[in-house]
Amino acid sequence: MLKLINKIAIAIAVFILASSANAAQTLKIETHFAANQPSGEVAAQFAKDVESYSGGEIKVEMYYSSAITGKAAEIFNSAANGIIDCDMSGGAYQTSKNAAFQFAGDIMGGYETPYQMYDWLNSGGRDALNNLYNKYGMQFVGWWIPGMESLISSKPLPNIAALKDFKFRSPPGMETEIFAALGAKPIVMDFGEVPTALQTGIIDGADFSNLANNVASGLYDTNPHATYPGFHSMPADHLACNQAMWNKLSKKNQDAILKAMDKAGKSVTKYVEDKNVEAVKEMKAKNVTLHDLSKADRLTFRQAAQKSWAEWSKKTPEAKVLVDSHVAYMKKIGLLK
């Protein structure tokens, strides 16, 4: 009888251990990108990589097109409040909380390539960002940077002068000030409102995403002008997670997520570059005009942007820290004197 009891006890222990090992933790992650957009495809691969790198201990449920919150700017709050686990949108949506978030997402007119931004991140930028994110109950995990964005327009945009009275969808934050200073009329609205606003003529164009994402969204079908390569914006999409949840993860699983995010960051730029090449061919076939601004016009935009950086650095101590850090790095690599 004692042997039988021992065998039963061992069997139960083995069952419990096996069940525990097989019980995966599911992370709910929301992004504002649609599943059929290039960035959405990268997010789907990220989810698979997290499961693989964690040995199946972490599974990811991806929610696209702001499916839970309804608005891109609300994803961060949902993660901070524990409604979801992680936010895969961008820091620049949170400038109403702290001006520093502008420089955690889109420097505007600063860096010329995503690789420069990744290098800043890995040269002390990550710690500076988490000093900001942690104040709001979030953990900054990483960036994935698709590259320069392309404006969508119903009218030609061959130069900076063409921005005068240009009514376009703009994200909140510093961008509105820079464009307004150049004579444009930016209107802040959410991603989901853009298609209808373009169709009804409420706006002349939109700052939406990179060329490939714009094409996938069908937004050039009735708006036959685009800026390409872009000049104004190179946003970094982030993965930011609820800090309490993140701290409960094992080191192994934190590393798995970091590894998957690093892969996403390395692959997304090349992926979108390739998709942009395909998009250019498609746009030319549809007689969409691509406008490439001159070096002089690009310089005019950068100068306007630098004035805004200086003003925004005065808004909060965290903003000054990030602006100073970015400027120091840009001087180091020769982007600024």
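A DSSP coil position with no more than 11 other Cβ atoms inside 10 Å describes the following trypsin sites (Lys or Arg not before Pro) in region 134-215: LYS164. Listed cross-link partners LYS135/LYS266; LYS155/LYS185; LYS135/LYS307; LYS248/LYS315; LYS252/LYS275; LYS295/LYS331 are compared with a 25 Å cut-off, the Cα-Cα value being larger for LYS135/LYS266; LYS135/LYS307; LYS248/LYS315; LYS252/LYS275. Cross-link reach is defined here as a Cα-Cα straight distance under 13 Å, omitting same-chain residues fewer than 8 places apart; for LYS332 the aspartates and glutamates meeting it are ASP119, ASP324.
Report the residue, chosen from SER54, SER89, SER209, that carries the largest GNM mean-square fluctuation when the chain is represented by alpha-carbon nodes joined by springs under 10 Å. Result for the chain, Cα springs under 10 Å: SER54 fluctuates most. Counting neighbouring beta carbons within 10 Å and listing from fewest to most, the residues SER267, SER78, SER123, SER325 come out as SER123, SER267, SER325, SER78.
Cross-link partners of LYS59 among aspartates and glutamates, defined as those whose alpha carbon lies under 20 angstrom from its own and excluding same-chain residues fewer than eight positions apart: GLU30, GLU41, ASP49, GLU51, ASP85, ASP87, ASP255, ASP262.
Where does the chain land at 222 nm, in deg cm²/dmol rounded to the nearest 500, when only DSSP H runs of n ≥ 4 count, each adding -39500 (n - 2.57), divided by all residues? Could the numbers behind the result be given before it?
Details: 12 runs with 154 residues, N = 337.
So the helix-based figure for the chain works out to -14500 deg cm²/dmol.
What fraction of the Cα pairs in the chain, stated in percent, has a spacing above 27 angstrom? Within the chain, distances greater than 27 Å cover 46 percent of Cα pairs. Excluding same-chain neighbours fewer than eight residues apart, the aspartates and glutamates reachable from LYS284 by a Cα-Cα span under 15 Å are ASP221, ASP292.
Counting alpha carbon pairs within less than 8 Å and at least 6 residues apart, what relative contact order, in whole percent, applies to region 43-164? Let's see the in-between values first.
Details: 77 pairs, mean separation 15.7, N = 122.
Reported as a whole number, the value is 13 percent.
Compute the long axis of helix 295-312 from its Cα atoms, compare it with the longest principal axis of the Cα atoms of the chain, and write down the angle in degrees, 0 to 90, nearest 10. Once rounded, the angle reads 60 degrees.
Throughout, read-outs are computed from the coordinates displayed, never taken from laboratory work. This one's a predicted model, so the numbers in the text were calculated from it and none came from an experiment. Cβ sites come from the backbone with ideal geometry, for glycine too, and all protein chains shown count toward neighbours.
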